[in-house]
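Chemist: Please read through the structure below; I'll follow up with questions.
Bear in mind that the values in this text are calculations on the coordinates, not laboratory data. The structure displayed is predicted, hence computed values, not measured ones. Heads up, the Cβs are rebuilt from the backbone with ideal geometry, glycines too, and the neighbour counts pull from every protein chain shown.
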Amino acid sequence: MSPTSETAQGGRRLVIVESPAKAKTIKGYLGPGYVVEASVGHIRDLPNGAAEVPEKYTGEVRRLGVDVEHDFQPVYVVNADKKAQVRKLKEQLAESDELYLATDEDREGEAIAWHLLEVLKPKVPVHRMVFHEITKDAIRDAVANPRELNQRMVDAQETRRILDRLYGYEVSPVLWKKVMPRLSAGRVQSVATRLVVERERERRAFTSAEYWDLTGTFSTGRAGDSSDPSSFTARLNTVAGQRVAQGRDFGSDGRLKSAQSQVLHLDEANARALAAALEHTVFAVRAVESKPYRRSPYAPFRTTTLQQEASRKLGFGAKATMQVAQKLYENGFITYMRTDSTTLSETAVTAARAQVTQLYGASYLPDKPRVYAGKVKNAQEAHEAIRPSGDRFRTPAETGLTGDQFRLYELIWKRTVASQMKDATGNSVTVRIGGTASDGRDAEFTASGKTITFHGFMKAYVEGADDPNAELDDRERRLPQVSEGDRLAAEEISVDGHATKPPARYTEASLVKELEEREIGRPSTYASIIGTILDRGYVFKKGTALVPSFLSFAVVNLLEKHFGQLVDYDFTAKMEDDLDCIARGEAQAVPWLKRFYFGEGAAGDHLGGLKALVTDLGAIDAREISSFPVGNGIVLRVGRYGPYIERGEKDTEGHQRADVPDDLAPDELTVEHAEELLAKPSGDFMLGTDPDSGHEIVAKDGRYGPYVTEVLPEGTPKTGKNAVKPRTASLFKSMSLDTVTLADALRLMSLPRVVGTDAEGVEITAQNGRYGPYLKKGTDSRSLENEEQLFSITLDEALAIYAQPKQRGRAAAKPPLKELGTDPVSERPVVVKDGRFGPYVTDGETNATLRTDDSVETITPERGYELLAEKRAKGPAKKTAKKAPAKKAPAKKATATKKATAAKKTTATAAKTAAKKTTTAKTAAKKTATATARTAAKKTTAAAPGAED
């Protein structure tokens, strides 16, 4: 049935989607007989704590939210912040003749639709409405061709949700007891953290190797041009027939992988000696090898490839990419952005091919449409690849988009169009140049070149690379047109030293790629997984690199030693296969959960019984789990308040201890660095005794910086109404713990200082506050220029400051702390500034506060651009509307109308009751509207498929 004015006469239809933005867009495509409302993500889920569990449940059910003794029956509760929305949906449904459930067509969307049915209990016909793009034709087609709810998808999603609940709620408490409170474990997040930790272990164990080689600049002796250069560079390949060692020949231990006889390892002295011996050598071309070059276009985007490419090219994190893509989808610009598929519909192929012809010409269009086979094992959902929506693609300029949405749409549009273009073709050439050194050794150099004769799809799009030094596909390297036997003159022979590098840390893009290649988790969940391990403090960022914290080392150490199976890569991938079997109806959920949780019937099976693993914790030594040897008797320990290093046992002679900075990468904690940390003054610095009070004065390094304080005598009451607080003062910025003196401390603790009184006798004091030094007179405060003025400012100077009009609004802008470069999105200069709440990056339009793991000194341009991208993706902060003051009801005239008749009293009472009902209804409507507004902002996380991982 088509959504037209005619169908409206047949009744009122309620369409429920997931997000308010999507509801607004879809409403515009439907007729007046349709009401479109949003569920705002899930309306119910497993309880977040025992307090949310209905009272009839006790014991393990109350703790887990799952009745493991009765076929793993889940306990579902309506989320507290969704109750008002559920009421609204019920009210709308009561006035409707049909219900269309239009949530996303994936496991999560199917589950949301099922929960809506369970909670709303409709008594009208129900239809499952699905679409992959939000366009007029797609929405109308979806209304006209609904389907039934897919119960198998619901069961698969429910099994996944229960599995993740059992994993998290059983393993996390072990981390609380043995490592640190408030930690979390998760089926996929723990494995992702292990990957990052293992890469850091490789970096810590890595030994760099030094090797040398030669680079020659050779000239043909003729004038050159852009197509035929006169000179080129070539790298030394062999000496006396023996291949010269390169970085790939060395292992992580710094030694050659091959036997010494197979490769020649040049050191600096030998390399320089060879260069000198080749100084007067006559060189000639020994061989020219030419091969045809062909490069095919890349497949259209799916979720993971979009995240990777947006990271490489736009500097977006996975989370920011999905937030921007969600907005593009909801506003009808792209197809559904959570997909494993690289398939394009016939409509999309036609649209792409039309734009190829229109924009690049028929010579760039292949004879037949290109078809891309899926590479993802057990690919989920019957979606297309991510592409521009509609049967005609809007060019980026036609969309009217700006900022991050424009940039991401342009990326998707280019990739889609390029996928239907011809191959790039050309030639790759290798030239070998040889000569004999004065010491009789033969030396051969090689050079490689590439020319592209037909750019094909590269006219539209070239994929980025994870390695910033990698050469992109469209980069040409032209060599001179030479033939075998041609003589060449060596203009220069340079000696080059190299050192092997440890394996690169994961970035968000490369971690997503690794997880997908290992078939761990679902691609739609990777953004939330990476977000989780960042938020939990298991991983922090340095530039774009993901660096594991020392805390994550302790967590992974415990999981590997005592729950090895749960973080085994093959085991986790096999679990995905099992869940996919359940989704296809090839396995039953309850028997599988019994094997996983209780180990029933799991003999020789990859499932072993989670409950038994978490029951006996006696073998877990908490201190051992969180201790890691550094060397020279130094041990790193992860304590409840952060990492620290120590040498020797506590309370023994020679014991040393020092805190480790939170932002120190584990591979940077060398023995030398540890020795430096231990050598730094730490603990309490005894400065002397206050001659007035007799109390000892100490300097300390506290959580909020260095400070001085007095030590009160034993027995001084610390609580109650007679409690005495020690005098304390923060050090000035110009002071340090190493140099502060007793005199400095006494001066600092003398603050606030009375400067004097004004003409009216009001006292003026100089004080040091959270935002710097200032004067205070009554309630009137004025900032001082520097901390030293606290002691030097005179009464006359203070009065002169107060004589000036008080500055309103913002103070003069502070100079930037650091310049980062030009933002690739806004194309504005990005700088780091110091704000009221700490340092932040800004491009003049968008401000983003630096995170805990960022610092002004170490932040890179890429990290700055990423913070701005994430801030833009969130959109502007929503302002809470001020409530209008309630109007007071007019005073009752009861006293003036005491002689009113009984009938009048009855009428007044009835009117009063009616007014009350009206007010109650208005209040309820207000509350519902407010709740809806509050929850709308949570759409991205609440409705993100696979958020349970």
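Chemist: If the chain between LYS561 and ASP535 were fully stretched, how many nm would it gain, using 0.36 nm times the residue separation less the Cα-Cα distance? Please report the intermediate quantities before stating the final value.
Modeler: On the way: separation 26, 0.36 × 26 = 9.36 nm, distance 2.46 nm.
Residue separation times 0.36 nm, minus the Cα-Cα distance, leaves 6.9 nm.
Chemist: Here is a follow-up. Would you order GLU384, GLU110 from fewest to most other beta-carbon atoms within 10 Å of each residue's own beta-carbon? Before the final figure, lay out each step's value.
Modeler: On the way: GLU384 20, GLU110 26.
Ordered by Cβ neighbours within 10 Å, fewest first: GLU384, GLU110.
Chemist: Count the DSSP beta bridges whose two residues both fall in the chain, then state the antiparallel fraction as a percent rounded to the nearest 5. Could you put the intermediate results ahead of the total?
Modeler: On the way: 115 of 129 bridges.
Among the beta bridges of the chain, antiparallel pairing accounts for roughly 90 percent.
Chemist: Remind me, relative contact order of the chain in percent, using alpha carbon pairs under 8 angstrom and six or more residues apart?
Modeler: Details: 1644 pairs, mean separation 123.3, N = 949.
It rounds to 13 percent for the chain.
Chemist: I would also like to ask the following. Which value, in Å³ per residue, describes the convex hull spanned by the Cα atoms of the range 818-874?
Modeler: Enclosed volume per residue, from the Cα hull, is 76 Å³.
Chemist: So, one more: With a point put 7 Å past each Cα toward its Cβ, work out how far ALA80 is from GLN656 in nm, to one decimal.
Modeler: Here the answer is 5.0 nm between the modelled labels.
Chemist: While we're looking at this one, here's another question. Relative contact order for the range 548-684: what is it in percent, counting Cα pairs under 8 Å that are at least 6 residues apart?
Modeler: Value for the range 548-684: 19 percent.
Chemist: If I compute semi-axes √(5λ) of the Cα gyration tensor in Å from the structure I just sent, which labelled value in [x] 63, 32, 25; [y] 54, 47, 32; [z] 48, 37, 27 lines up?
Modeler: Given [x] 63, 32, 25; [y] 54, 47, 32; [z] 48, 37, 27, the calculated one carries the label [y].
Chemist: A further question on this structure: Once the Cβ-Cβ distance between GLU714 and LYS806 is put in as r, and R0 is 45 Å, what FRET efficiency do you end up with, to the nearest 0.05?
Modeler: Values: r = 48 Å, r/R0 = 1.06.
For GLU714 and LYS806, the calculated efficiency is 0.40.
Chemist: Of the listed peptides 727-738, 439-450, what is their order by residue-averaged count of other C-beta atoms within 10 Å, with the highest listed first? Display every interim value, and only then the final one.
Modeler: Working: 727-738: 15.3, 439-450: 17.0.
So the order, starting with the most tightly packed, is 439-450, 727-738.
Chemist: Ok, one more. With the crude spin-label approximation of a point 7 Å out along Cα→Cβ, what separation in nm comes out for GLU52 versus LYS24?
Modeler: 2.8
Chemist: Using the alpha-carbon centroid of each, what span in Å lies between the range 74-130 and the range 656-678?
Modeler: Result: 54 Å between the Cα centres.
Chemist: Any chance you could run the full-extension gain for ALA622 through ALA679? It's 0.36 nm times the residue separation minus the Cα-Cα distance, nm to one decimal. Walk me through the numbers before you get to the answer.
Modeler: Details: separation 57, 0.36 × 57 = 20.52 nm, distance 2.76 nm.
Taking ALA622 through ALA679 to full extension adds about 17.8 nm, to one decimal.
Chemist: Oh, and also: Let's test the formula: R0 of 30 Å, r as the Cβ-Cβ distance of SER363 and GLU398. What FRET efficiency results, to the nearest 0.05? Walk me through the numbers before you get to the answer.
Modeler: Values: r = 24 Å, r/R0 = 0.81.
According to the calculation, E is roughly 0.80.
Chemist: Would you kindly state how much longer the chain becomes between SER693 and SER483 on full extension, computed as 0.36 nm times their sequence separation minus their alpha carbon distance, in nm to one decimal? Don't skip to the answer; put the middle values down first.
Modeler: On the way: separation 210, 0.36 × 210 = 75.60 nm, distance 9.39 nm.
That works out to 66.2 nm of additional length.
Chemist: Something else now. Grab the DSSP H runs of the chain that are 4 residues or longer, score each as -39,500 (n - 2.57), total them, divide by all residues and round the 222 nm result to the nearest 500 deg cm²/dmol. Write down the numbers at each step before the final one.
Modeler: Values: 28 runs with 318 residues, N = 949.
Rounded to the nearest 500, the figure is -10000 deg cm²/dmol.
Chemist: At a 10 angstrom cut-off on C-beta neighbours, averaged per residue, how do the peptides 32-41, 785-794, 837-846 rank from highest to lowest? Please list the in-between numbers first.
Modeler: Values: 32-41: 21.5, 785-794: 14.7, 837-846: 17.2.
Ranking the peptides 32-41, 785-794, 837-846 by packing returns 32-41, 837-846, 785-794.
Chemist: Spin-label point model (7 Å from Cα, Cβ direction): what's the TYR641 to LEU117 distance in nm?
Modeler: Taking the simple label geometry, TYR641 and LEU117 are separated by 5.6 nm.
Chemist: Further question: Peptides 321-329, 66-74, 759-767: what's the order by average Cβ count within 10 Å, highest mean first?
Modeler: Details: 321-329: 24.7, 66-74: 15.3, 759-767: 12.9.
Ranking, from highest mean packing down: 321-329, 66-74, 759-767.
Chemist: Based on the Cβ-Cβ distance from PHE598 to ARG441, what FRET efficiency comes out when R0 is 51 Å, to the nearest 0.05? Before the final figure, lay out the partial values.
Modeler: Values: r = 71 Å, r/R0 = 1.40.
Efficiency, rounded to the nearest 0.05: 0.10.
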